[in-house]
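Student: Please read through the structure below; I'll follow up with questions.
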Amino acid sequence: MSAVVIDGKAFAAGVRIRVAAHVARLAEEHGVVPGLAVVLVGQDPASQVYVRNKGVQTVECGMVSFEHKLSADTSEADLLALVRALNADPKVHGILVQLPLPGHLNSDLIINTIDPAKDVDGFHISNVGLLGTGQKSMVPCTPLGCLMMLRDHHGSLAGLNAVVVGRSNIVGKPMAQLLLGDSCTVTIAHSRTKDLAAVCRGADILVAAVGRAEMITGDMVKPGATVIDVGINRVERDGRAKLVGDVDFASAAAVAGAITPVPGGVGPMTIACLLANTLTACCRAHGLPEPDGLTV
Ligand code: NDP
């Protein structure tokens, strides 16, 4: 293996330390404590784990965590009423509605009811538009985490060829916007892309956000490229459950210059960026200076 392994766990710990330090200063100097409200509808086991981790890390950073656990048959009207109440609550600076929502609930309607200034997931249509036009917004956590690691590794990204595989609203598209904002030449690939391997081989920065276990293999990676693996796939290997990314780590690491592992790469950065976004939202709400380097 020749690639540098980018340690997302360590990087995320560093982000959390910076967030906690800024939060402590806010409390001391301004008597302000950031608050994050997380809304979980239903019993999805993976979502329950995410929500628990978010709550624990929020409190560890000195912020207040408000958890709202609703039953799977919660009506849309009740969920909208809760979101509006959180919008109006001055103790709440960030609101996150855990996705996916049960099928009878209109996710777009719910997300677009969140006050855009409190939309720490960055999914509200206003934030999508602001990001797309290069204006100050709340930036989706997973792409923000990827960008932070890329900036740290490369310094300037200007002029690099970036290929993002995947065009979802929560990862692929905002990732591409962020890379464009940092002056990369960006290609977005998807399931209809012709000769994906050749497209990927043109990438100095290759971001995989597909949801297909180990589909990006070493022969698709340009020698020396930086590979960011967003994928989280549960597979069975040798009779045991295992988490793997969208990248075949062993073959890609033999060719790449740097690579994020799964687990321990992008995943930990997602929650760290949620905390950073909550802090940013709090600073903006109170007209206080935003922390350096924790948003774009
Ligand atoms: P989506 O299913 O919403 O999007 C997947 C994208 O991959 C689509 O744009 C799809 O193309 C494209 N795609 C599917 N098959 C192929 C293929 N054979 N070749 C090229 N492109 C293909 O997934 P998400 O963006 O939500 O998530 C992607 C991965 O990232 C998942 O594994 C998810 O678990 C993980 N994830 C990880 C996070 C983290 O914190 N680390 C956070 C969020 C997601 P098309 O549009 O044409 O269908």
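Student: Stretch residue 193-residue 108 to full length: gain in nm at 0.36 nm per residue minus the Cα-Cα span?
Tutor: Taking residue 193 through residue 108 to full extension adds about 27.9 nm, to one decimal.
Student: Turning to a different aspect of this structure: Where is the GNM fluctuation largest for the chain (alpha-carbon springs, 10 angstrom cutoff): 191, 65, 156?
Tutor: Its mean-square fluctuation being the largest, the pick is 191.
Student: Right, another one. Quote the charge dipole size of the chain about the Cα centre in Debye, to the nearest 20; the model charges only the Cβ of Lys and Arg (+1) and of Asp and Glu (-1).
Tutor: Values: 24 positive and 27 negative charges, 48 e Å.
Once rounded to the nearest 20, the dipole reads 240 debye.
Student: For region 158-212, what are Rg and Dmax over the alpha carbons, in angstrom?
Tutor: That works out to 10.3, 29 Å for Rg and Dmax.
Student: Still on this structure, I have one more. Could you go through region 144-157 in sequence order and give the Karplus-derived ³J(HN,Hα) for each residue, using 6.51 cos²θ - 1.76 cosθ + 1.60 with θ = phi - 60°, rounded to whole Hz, and x for Gly and Pro?
Tutor: Coupling constants for region 144-157: 4, x, 4, 4, 4, 5, 5, 4, 5, 6, 9, x, 6, 9 Hz.
Student: Another question, then. Over all distinct Cα pairs, what is the inverse of the mean 1/r for region 77-229, reported as the Kirkwood hydrodynamic radius in Å? Walk me through the intermediate numbers first.
Tutor: Working: mean 1/r = 0.0596 Å⁻¹.
Result for region 77-229, one decimal place: 16.8 Å.
Student: Then there's this: Any idea how far apart residue 81 and residue 64 come out in nm if each label point goes 7 Å out from Cα toward Cβ?
Tutor: 2.3
Student: Now a separate question. Quick one: angle between helix 266-285 and the longest Cα principal axis of the chain, in degrees between 0 and 90, rounded to 10, please.
Tutor: 40
Student: Are there cysteines in the chain with no second cysteine's Cβ under 4.7 Å away, and if so, which?
Tutor: 61, 146, 184, 200, 282, 283
Student: I need the phi-derived Karplus couplings for region 235-249: 6.51 cos²θ - 1.76 cosθ + 1.60, θ = phi - 60°, integer Hz, Gly and Pro marked x.
Tutor: Values, residue by residue: 10, 10, 10, 6, x, 10, 6, 8, 9, 10, x, 7, 10, 6, 4 Hz.
Student: Using the per-residue mean of other Cβ atoms lying within 10 Å as a proxy for protection, in what order, highest first, do the peptides 82-90, 262-270, 165-173 fall? Show your work: numbers first, answer last.
Tutor: On the way: 82-90: 15.4, 262-270: 23.2, 165-173: 20.2.
Put in order of decreasing packing, that is 262-270, 165-173, 82-90.
Student: Identify which of 125, 111, 259 has the largest mean-square fluctuation in a Gaussian network model of the chain, with springs joining Cα atoms closer than 10 Å.
Tutor: 125
Student: Also: Could you identify which residue out of 245, 231, 132 has the top mean-square fluctuation in a GNM of the chain using Cα springs shorter than 10 Å?
Tutor: Maximum fluctuation in the GNM of the chain, among the listed residues, is at 132.
Student: How big is the equivalent ellipsoid of region 30-118 along its three axes, where each semi-axis is √(5λ) from the Cα gyration tensor, reported in whole Å from largest to smallest? Don't skip to the end; give the middle numbers.
Tutor: On the way: eigenvalues 96, 54, 16 Å².
Semi-axes from the Cα gyration tensor: 22, 16, 9 Å.
Student: Treating the angle as unsigned and between 0 and 90°, give the value, to the nearest 10°, between the Cα long axis of helix 45-60 and the longest Cα principal axis of the chain.
Tutor: Taking Cα atoms only, the helix is inclined about 70 degrees.
Student: How large a share of the accessible area of the chain, in percent, is made up of carbon and sulfur atoms when the probe is 1.4 Å and the other protein chains stay in place? Walk me through the intermediate numbers first.
Tutor: Working: 7100 of 13130 Å².
Reported share for carbon and sulfur atoms: 54 percent.
Student: Continuing with this model, one more query. In square nanometres, what is one fourth of the surface area of the convex hull spanned by the alpha carbons of region 187-274? Intermediate results must be reported in sequence, preceding the final value.
Tutor: Values: hull surface 24.9 nm².
Value for region 187-274: 6.2 nm².
Student: Among 39, 66, 105, flag the residue with its Cα farthest along the positive direction of the charge dipole of region 30-118, charges on Cβ as +1 for Lys/Arg and -1 for Asp/Glu.
Tutor: Of the listed residues, the answer is 66.
Student: Divide, for the chain, the radius of gyration over alpha carbons by 2.2 N^0.38 Å, where N is the residue count.
Tutor: Details: Rg = 19.1 Å, N = 296, 2.2 N^0.38 = 19.1 Å.
After normalising by residue count via 2.2 N^0.38 Å, the value is 1.00.
The values are calculated or read from the model by the stated rules, or taken from the named source; none is laboratory data. Computed from a predicted model, the values in this text were never measured in an experiment. Note that we place each Cβ from the backbone using ideal geometry, even for glycine, and neighbour counts take in every protein chain shown. These accessible areas exclude ligands, DNA and RNA; they are computed on the full protein's heavy atoms, side chains included. Shrake-Rupley method; radii C 1.70, N 1.55, O 1.52, S 1.80 Å.
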